[in-house]
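Engineer: Please see the structure below; I have some questions.
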Amino acid sequence: MKRARWIVSLAALVVLAGGVAATTRSAPQPGGRFITDEQGRTLILRGFNTASSAKGAPDALPELTKADIDREYRDMGTNFVRFLIMWRAVEPQPGTYDTKYLDKVAEWVRWYGERGYHVMLDMHQDVWGSGVTPAGTAGNGAPTWATYLDGLPVDTDQPTWEMLYLEPGVIRAFDNFWNTTGEHPELMDHYAKAWKAVAARFKDDPAVLGYDLMNEPWGGSVQGPQFETGPLATLYRTTISEIRSVDSDSWIFLEPQAVGVNWGLPSALPYVDDPRSGPPRIAYAPHLYPLPLDLGDDYTAGSKDWTDRTLGWWRDNVLRTADRLDAPVLLGEFGLDMTRPGASDLVDRVVRLSERAGAGVAYWSRDPWSWGPYDESGTATPLVGVYARPYPRAIGGVPVDIRSEARSLTVTFDANGTGPTEIYLPAAGFPDGGRASEGEATWDAARRVLTVRTKTSGRVTLTITPA
Ligand code: IDC
């Protein structure tokens, strides 16, 4: 159990670096803030990370077709995609932005937009970049010209890809990016300006909801609060200011340090100002990978209890950080091998937790594999059944409570005149659509969306049952 020992020591380190783990917070409520659409309706986002296959692809685009998106919609009624983009593709040479790549991304965005999806562009990286490990393996994201290992080694023979983060060369690549070494003040500026190029391209695209500035930031030799309040906050402030110089309306999604926070430990990410006129559009987009499952356990027996405790910490700590950031929450990644015992129970549990917190969810990932909705042969995994649930895609007000069951959905909200409310109803529980407890409802059988016009002010409790 070399791997388990390593991860546990890493966890201990992080706890030490991060200070005391959280005390519990009583009765978490949906945060005060929500991601909204152009009409001002609250969006409840449900979808997938699309896709890991983009990481190693020469064109940095996912291996998927329009028909795949159609199938995903038909089976699960998703309205959101966390779409992976790569810095190496945006800025292949220093200061040169690849407009052909951005055009191709725009084509994908159009495919999603035409199908009613909101797109978040996620500047992905794992283990820095392909300059660290051979292309197509773990490392992805950063361009090779921005990769400075300073001759330090990277032993690619590791029990899991995450362990690569501890290799001296990888730590140095990050230290050079964050300019902890003092040798590369230019790299963060390049990153921020690459984002500006992306934002300039997509600012007027109605299907693009916003930008996830960096996947799973890793501090190199600076960890925990020192990292999050130091170089990470600096990168975010610089990047936000570049984005806002061309795009004042898109949402900006911030991730905490991944290690530790993915397991439910607290983040020290500070409040970051949004220099736009009007209310800030900064959201908090942490990931969730409970440690017992990272260690290879299933969501059963003792590991289930431990995981459930982890989920409680995760929720409390995420809501606390979101309060500090004054930001709505999006669960940007969570996922597991759907062929393992208890996997569907965990998905159910996490979706409910997100519902109660008013948070969106992007499952990892949309690739054809045992974690995804369809396996390598295209056969649906158990994920499809558990992820297809009734949910309010858009709400004409501020949510107070959302509760879904297989054959019912209750949405309580304070109406604010932005309606109508749109509800997705899966075929399994609602073969003939739904009946609304109040308001005027229209059923779109092709899209499986029930549009409900309720009163436009005051508290509304809307219950949907099968028609
Ligand atoms: C994983 C892919 C895997 C790949 C690895 C490294 O599923 O095929 O080898 O990345 O590139 C994350 C990352 C996300 C990971 C995912 C699952 O953000 O890129 O994808 N994960 O391991 N953080 C925690 C888990």
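What follows draws every value from the coordinates through simple rules; no lab data is involved. If you're wondering where the values come from, they're calculated on a predicted model, not measured in any experiment. Don't worry about glycine lacking a Cβ; one is built from the backbone with ideal geometry, like all the others, and counts go over all protein chains shown.
Engineer: What net charge do the residues around GLY182 carry, taking every other residue with its C-beta under 14 Å from that of GLY182, with Lys and Arg at +1 and Asp and Glu at -1?
Structural biologist: Summing Lys and Arg as +1 and Asp and Glu as -1 gives -3.
Engineer: Roughly speaking, what is the centre-to-centre gap between the range 400-463 and the range 69-115 when only Cα atoms are used, to the nearest Å?
Structural biologist: Using only Cα atoms, the two centres lie 30 Å from each other.
Engineer: Determine, for each peptide in 189-202, 422-435, the mean count of other beta carbons within 10 angstrom over its residues, then list the peptides with the highest first.
Structural biologist: The peptides rank, most packed first, as 189-202, 422-435.
Engineer: Then there's this: Please compute the Kirkwood hydrodynamic radius over the range 87-246, one decimal place, Å, based on all pairs of different Cα atoms.
Structural biologist: Kirkwood radius, the range 87-246: 16.4 Å.
Engineer: Could you compute the net charge surrounding TYR374? Neighbours are other residues with a C-beta less than 11 Å from the C-beta of TYR374; K and R count +1, D and E count -1.
Structural biologist: Here the charged neighbours net out to -4.
Engineer: On to the next question. Quick one: which residues, 5+ away or cross-chain, put their amide H under 5 Å from the amide H of THR36? H built at 1.01 Å from N.
Structural biologist: Amide H neighbours of THR36, under 5 Å, 5+ apart: LEU43.
Engineer: Using a cut-off of 22 Å between alpha-carbon atoms, which lysines can reach LYS193, once sequence neighbours fewer than 8 places away in the same chain are excluded?
Structural biologist: Straight-distance partners of LYS193: LYS55, LYS100, LYS104, LYS203.
Engineer: For the chain, with the dipole built from +1 on Lys and Arg beta-carbon atoms and -1 on Asp and Glu ones, taken about the Cα centre, which of LEU61, VAL411, GLY358 lies farthest toward the positive end?
Structural biologist: Positive-end residue among those listed: VAL411.
Engineer: What ranking do LYS304, LYS100 get, fewest neighbouring Cβ atoms within 10 angstrom at the top?
Structural biologist: Lowest to highest Cβ neighbour count: LYS100, LYS304.
Engineer: Placing unit charges on C-beta atoms (Lys and Arg positive, Asp and Glu negative, everything else neutral), compute the dipole magnitude of the chain about its Cα centre in debye, rounded to 20.
Structural biologist: 1180
Engineer: Additional query: Give the Rg (one decimal place) followed by the Dmax (whole number) of the range 271-330, computed from C-alpha coordinates and expressed in Å.
Structural biologist: Considering the range 271-330 through its Cα atoms, Rg and Dmax are 15.6, 51 Å.
Engineer: Quick check on the range 155-295: take the gyration tensor over C-alpha atoms, sort the square-rooted eigenvalues as a ≥ b ≥ c, and tell me if it's rounded (a/c under 1.5), prolate or oblate.
Structural biologist: Prolate, because a/c is 1.5 or more and a/b exceeds b/c.
Engineer: Enumerate the whole-percent occupancy of each 5 Å bin, from 0 to the last occupied one, for all C-alpha pair distances of the range 297-389.
Structural biologist: Bin by bin from 0 Å, the calculated values are 3, 13, 22, 22, 19, 12, 6, 2, 0.
Engineer: From the residues PRO256, SER457, PRO225, which one has its Cα farthest along the dipole of the chain in the positive direction, the dipole being from +1 and -1 charges on Cβ of Lys/Arg and Asp/Glu about the Cα centre?
Structural biologist: Farthest towards the positive end: SER457.
Engineer: Another question about this same structure. So what's the range 31-113 giving for Rg/Rh, alpha carbon basis, Kirkwood Rh from the mean inverse pair distance?
Structural biologist: 1.04
Engineer: Between the range 358-391 and the range 314-344, what's the alpha-carbon centroid distance in Å?
Structural biologist: First find each Cα centre; the distance between them is then 16 Å.
Engineer: When the helix-only estimate is applied to the chain (DSSP H runs of n ≥ 4, each -39,500 (n - 2.57), divided by the residue count), what is the mean residue ellipticity at 222 nm, nearest 500 deg cm²/dmol?
Structural biologist: Roughly -9000 deg cm²/dmol at 222 nm, from the helical runs in the chain.
Engineer: Kindly work out what percent of the DSSP beta bridges joining two residues of the chain are antiparallel, to the nearest 5.
Structural biologist: Antiparallel bridges: around 55 percent, rounded to the nearest 5.
Engineer: Suppose we look only past 18 Å in the calculated P(r) of the range 69-123. What percent of the Cα-Cα pairs does that tail hold?
Structural biologist: 39
Engineer: Same structure again: Across the Cα atoms of the chain, what radius of gyration and what greatest pairwise Cα-Cα distance (Dmax) are found, in Å?
Structural biologist: Looking at the chain, its Cα Rg and Dmax stand at 21.3, 67 Å.
Engineer: If the convex hull of the alpha-carbon atoms of the range 392-467 is projected onto planes in all directions, what is the mean projected area in square nanometres?
Structural biologist: Spelled out: convex hull of the Cα atoms, projected over all directions, averaged, 4.1 nm².
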